[in-house]
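Each value in this text was obtained by applying a stated rule to the coordinates, not by laboratory testing. Nothing here was measured: the structure is a model prediction, and the numbers come from that model. Glycine also receives a Cβ, built like all others from the backbone with ideal geometry; neighbour counts cover every protein chain displayed.
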Amino acid sequence: MVCPLCERRKARRDCPALGRSICSVCCGTKRLVEINCPESCPHLSAARANPAAAVRRQTDADLSLLLPTIRSLTERQHQLFFLVQTAITRHRPDGFARLRDADVADAAGSVAATLETAAKGLIYEHPTQSAVAQKLAGELTDLLARIRQDGATMYDREAAITLRAIEQGARTVYGPSGDPAGYLNLMARVLQVNRAAESPGGEPAPAPSSIILP
């Protein structure tokens with residue numbers, strides 16, 4: 001029997017999430033990204049205990065693609081990058097809309113432009129190109145506000161630099177591949193966030209107490 005996901009390799013591994021067999025490669029690369037794996041899955045437990053070589057190669061490849069977009073960030077900006085990116089990866093649009101890399105770039109660029117304008121003493125909220133991006137931009141703005149309310153020191157310029165890095169990654173990392181959610185899937189693997197769990201009521205990731213504190 002052929003794997004129903006890739007339609008190329010033989011399906012030899014039972015998948016409790018899908019209720020059918022898939023190939024080992026799809027099991028390893030799509031786990032917790034496109035497949036909502038239950039915690040009871042023996043393949044998930046085994047992978048966490050001893051990652052397969054294919055998964056390690058995928059992780060190395062993901063990090064090599066991501067590195068150019070975050071190489072110039074400071075330690076504080078790195079922390080903010082992964083905090084904001086976790087919120088983005090867990091974000092769920094309204095209705096049947098799907099979040100795509102283009103929406104992430106649009107939202108991150110919009111919020112960054114608003115912060116850059118504020119740093120110059122002007123108050124102007126830069127619009128996005130789509131309703132999906134606008135909802136995400138509002139969530140990112142709220143997240144930054146919560147970080148400040150929690151007592152963290154964060155400057156508009158630092159936040160803008162971080163958001164520009166996210167915008168660059170969303171526009172360039174998987175651009176040539178044609179995968180409209182390639183960057184999002186990459187970040188889900190890096191962050192080990194389950195994008196397959198469609199929980200519209202999920203709360204965004206809380207800010208760790210150590211995030212960008214002096």
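Assuming a ≥ b ≥ c are the square roots of the Cα gyration tensor eigenvalues, decide whether segment 64-181 counts as rounded (a/c under 1.5), prolate (otherwise, with a/b larger than b/c) or oblate. It is oblate, given that a/c is not under 1.5 and a/b is not larger than b/c. Remark: E34, E7 ranked as E7, E34, counting other beta-carbon atoms within 10 Å and listing the fewest first. Relative contact order of the chain: what whole-number percent is it, with Cα pairs under 8 angstrom and at least 6 residues apart? The value is 27 percent.
Equivalent-ellipsoid semi-axes for the chain (Cα gyration tensor, √(5λ), whole Å, largest first): 34, 18, 16.
For segment 1-116, would you read off the P(r) tail past 23 Å as a percentage of all alpha carbon pairs? Percent of Cα pairs beyond 23 Å in segment 1-116: 48.
Short-range pairs are left out: with C-alpha atoms under 8 Å and at least six residues apart, the relative contact order of segment 1-50 is 26 percent. Relative to a virtual label point 7 Å from the Cα of D156 in the Cα→beta-carbon direction, which members of segment 83-121 show backbone nitrogen distances below 18 Å? Those under the cut-off are 108-121.
Using packing as a proxy for protection, rank 99-105, 141-147 so that the peptide with the highest average count of other Cβ atoms within 10 Å comes first.
99-105, 141-147
Under the simplified labelling scheme, the R48-E125 pair shows an inter-label distance of 4.0 nm, with each label point 7 Å from Cα along Cα→Cβ. For segment 1-47 versus segment 94-122, the inter-centroid distance based on Cα atoms is 35 Å.
Counted residue by residue at 0.36 nm each, then reduced by the alpha carbon distance between them, the extension gain from T141 to E39 reaches 33.4 nm.
As a proxy for reagent exposure, ranking S64, S24 by other Cβ atoms within 10 Å from fewest up yields S64, S24.
How far, in degrees from 0 to 90, does helix 131-149 lean away from the longest principal axis of the Cα atoms of the chain, to the nearest 10? Once rounded, one gets 70 degrees.
Of the chain, which part is the longest with no chymotrypsin sites (Phe, Trp or Tyr not before Pro) in a loop (DSSP not H, G, I, E, B) and with at most 11 other C-beta atoms within 10 angstrom? Please report the intermediate quantities before stating the final value.
Values: sites that count: F96, Y124.
In short, 1-95.
Counting Lys and Arg as +1 and Asp and Glu as -1 over every other residue whose Cβ lies under 12 Å from the Cβ of S45, the net charge comes to +1.
Rounded, prolate or oblate: pick one for segment 1-50, where a ≥ b ≥ c are the square roots of the eigenvalues of its C-alpha gyration tensor, a/c under 1.5 means rounded, and failing that, prolate if a/b is larger than b/c, else oblate.
Taking the square roots of the gyration eigenvalues as a ≥ b ≥ c, segment 1-50 is prolate.
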